[in-house]
Amino acid sequence: MQQGRPSIEQIVANDRWSLAEGSHDDKPLLIRFREELRARPDVTALPLLVRVVWDFDTDATGMPDGEAGNAMEVFENRLVDAVEPDRIAVLTAVITHDGDREWLFYTADAAAFARRLTEMPQEPERYPIEISVERDPTWSALHDGILAGVSG
């Protein structure tokens, strides 16, 4: 680890989140992210990006109603509790826009992440999610894509 750069352990332990608000295609865009990730920590141990996307019904604003928002909050808390304590994966950002909420996790083991997702508490109906995995050893999707567009 380079001097002055936080470790993944420090980031998760501090658990400081920021919220950026903007718009895209004339609809609100919310990005919640771990603030200390701007310092570009050493991420070599977690080279895989797991995107978990939940499509929800929306009104004209593109944001979820209270019921959908509550369901997604429960899901997020369960998933974070399933993967973060032993660092199977780390949640780095959550993006909400136009009927989608997307969670960006980084992991070293996509199969272990999937097992934890399957083993966590579930609702009677399946979660309306889609999951994709891609190699991103430098976390460029987060740093050069999402955080590059966040000012301040």
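Every number in this text was worked out from the coordinates using simple rules, so none of it is lab data. None of the values given here were measured: they were computed from a predicted structure. Cβ atoms come from the backbone with ideal geometry, glycine included; neighbour counts cover every protein chain shown.
Only one of Leu29, Leu37 is buried (at least 17 other Cβ atoms within 10 Å of the Cβ), closer than 18 Å to Gly99 by Cα, in contact (Cβ under 8 Å) with a residue 12 or more places away in the chain and in contact with a Ser or Thr (Cβ under 7 Å, 6 or more places away or on another chain). Can you tell me which?
Working: Leu37 fails: closer than 18 Å to Gly99 by Cα.
Within the list Leu29, Leu37, the selection yields Leu29.
Do we have Asn70 as surrounded by fewer than 15 Cβ atoms within 10 Å (Cβ to Cβ) and either aromatic (Phe, Trp, Tyr) or in contact with a helix residue (DSSP H, G or I) (Cβ under 9 Å, 6 or more places away or on another chain) (or both) here?
Details: surrounded by fewer than 15 Cβ atoms within 10 Å (Cβ to Cβ): yes; either aromatic (Phe, Trp, Tyr) or in contact with a helix residue (DSSP H, G or I) (Cβ under 9 Å, 6 or more places away or on another chain) (or both): no.
So Asn70 does not fit the description; no.
If we only count strands (runs of 3 or more DSSP E) wholly inside segment 1-106, which ones have 1 or more residues that are of a type in the set (Ser, Thr, Tyr)? Even if it seems obvious, please write down each step before you answer.
Details: elements: 17-24, 27-34, 48-55, 89-97.
Qualifying strands (runs of 3 or more DSSP E): 17-24, 89-97.
Determine if segment 81-90 includes at least one residue that is of a type outside the set (Gly, Ala, Ser), surrounded by fewer than 12 Cβ atoms within 10 Å (Cβ to Cβ) and either in contact with a strand residue (DSSP E or B) (Cβ under 7 Å, 6 or more places away or on another chain) or without any contact (Cβ under 8 Å) to a residue 24 or more places away in the chain (or both).
Start the filter on segment 81-90 by keeping residues that are of a type outside the set (Gly, Ala, Ser), which leaves 81, 83-88, 90.
Of the ones still in play, those that are also surrounded by fewer than 12 Cβ atoms within 10 Å (Cβ to Cβ) are 85-86.
Next, only the ones that are either in contact with a strand residue (DSSP E or B) (Cβ under 7 Å, 6 or more places away or on another chain) or without any contact (Cβ under 8 Å) to a residue 24 or more places away in the chain (or both) stay: 85-86.
For segment 81-90, residues of a type outside the set (Gly, Ala, Ser), surrounded by fewer than 12 Cβ atoms within 10 Å (Cβ to Cβ) and either in contact with a strand residue (DSSP E or B) (Cβ under 7 Å, 6 or more places away or on another chain) or without any contact (Cβ under 8 Å) to a residue 24 or more places away in the chain (or both): present.
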